[in-house]
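Input: a single structure, listed below in structure tokens.
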Amino acid sequence: MDQLDLLAEEIRQEFERVNAARDQAYQRSRELISLCARSIRAMHRSEWEATDALLVELNQAKETFVADVQDFPDLYFAGYTQDAIKEYVEAHLTYAIMRERPLPTPTDLGAESNTWLNGLAEAATELRRRILDIIRLGHSDEAERLLDVMDAIYSILVTFDFNDSITGGLRRRTDTVRAVLERTRGDVTTSLRQAKLEAALEALEAKFNN
């Protein structure tokens with residue numbers, strides 16, 4: 001029975017280590033998601049210096065987060081861990097798209113391929129807010145550029161016709177991108193027509209004033 005007691009104690013200590021790592025990972029995942037939200041908010045406000053600083057902080061938080069769970073595969077692949085990394089991917093991809101820079105790859109971001117794709121889907125939907133902010137000030141080529149990016153992302157995502165257990169629920173997010181894309185295309189089209197109408201009226205007014 002002494003052997004049984006020793007084995008039970010070893011297992012108990014192992015479980016305690018896993019439980020402590022789980023509690024810490026959950027807390028760090030919430031902190032990471034909060035930093036992602038703050039970064040994206042700064043992007044929408046075009047506060048690029050603040051965004052750059054937040055992304056540095058975000059990178060450090062993500063590295064610490066992953067280091068805490070890298071010895072515990074069950075924790076690394078847990079839903080809350082991959083959700084936090086997805087938000088991290090979304091922040092970086094949104095930044096790259098808004099700033100017209102190359103998209104960081106899954107390897108660049110230290111993300112699983114399916115997590116990266118889900119982050120890409122959420123970055124695409126995030127562009128709607130940016131486009132609406134632009135067209136409130138008047139139609140512009142930037143709104144059309146971002147709409148084209150949304151369309152390109154959807155066209156890629158829809159080709160990943162695999163089971164959700166492989167893609168991490170990508171199909172649902174792809175459907176969301178499609179719905180957001182359709183609404184945004186309608187908004188941009190209306191904005192373009194409004195801009196053309198206003199230009200025509202201004203031209204007509206100028207003609208009569210001459």
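Yes or no: residue 11 at negative phi and touching a residue at least 60 places away in the same chain (Cβ under 8 Å)? Working first, answer last.
Numbers: at negative phi: yes; touching a residue at least 60 places away in the same chain (Cβ under 8 Å): no.
No, not satisfied.
Looking at (1) closer than 23 Å to residue 95 by Cβ; (2) out of contact with any His (no Cβ under 9 Å at 6 or more places or on another chain); (3) at pLDDT below 95, which one does residue 188 not meet, given that it meets all the others?
Status for residue 188: all satisfied but (2).
Would you mind telling me which numbered condition in (1) open to solvent by less than 50 Å² (accessible area, probe 1.4 Å); (2) assigned to a helix (DSSP H, G or I); (3) modelled with pLDDT of 95 or more residue 33 fails?
So the condition that residue 33 fails would be (1).
Go through the residues of the stretch 151-165 one by one and say whether even a single one is in a helix (DSSP H, G or I), at pLDDT below 95 and among the acidic types (Asp, Glu). I'd like the intermediate steps shown before the answer.
The first filter runs over the stretch 151-165 and keeps only residues in a helix (DSSP H, G or I), leaving 151-157, 164-165.
Filter once more, keeping what is at pLDDT below 95: 164-165.
The next check asks that each one be among the acidic types (Asp, Glu); those that pass are 164.
Taking every residue of the stretch 151-165 in turn, at least one turns out to be in a helix (DSSP H, G or I), at pLDDT below 95 and among the acidic types (Asp, Glu).
Could you tell me which residue of the stretch 36-51 is farthest from residue 20 (Cα to Cα), considering only residues that are open to solvent by 60 Å² or more (accessible area, probe 1.4 Å) and within 16 Å of the chain's Cα centre (by Cα)? Give the steps one after another, and end with the answer.
Residues of the stretch 36-51 open to solvent by 60 Å² or more (accessible area, probe 1.4 Å): 38, 41, 45, 47, 49.
From what is left, the residues that are within 16 Å of the chain's Cα centre (by Cα) are 38, 41.
Details: 38: 28, 41: 32 Å.
Here the residue is 41.
Within the stretch 56-110, work out how many residues are within 23 Å of residue 127 (Cα to Cα), assigned to a loop (DSSP other than H, G, I, E, B) and either open to solvent by 50 Å² or more (accessible area, probe 1.4 Å) or among the polar types (S, T, N, Q) (or both).
So the count comes out to 6.
Are any residues in the stretch 111-126 open to solvent by less than 10 Å² (accessible area, probe 1.4 Å) and among the small types (Gly, Ala, Ser), and if so, which ones?
119, 121, 123, 124
The values are calculated or read from the model by the stated rules, or taken from the named source; none is laboratory data. These numbers were taken from a predicted model, which means no experiment stands behind them. FYI the Cβ positions are ideal-geometry reconstructions off the backbone, even for glycines, and counts take in every protein chain you see. Side chains included, ligands, DNA and RNA excluded: accessible areas come from the protein's heavy atoms. Shrake-Rupley method; radii C 1.70, N 1.55, O 1.52, S 1.80 Å.
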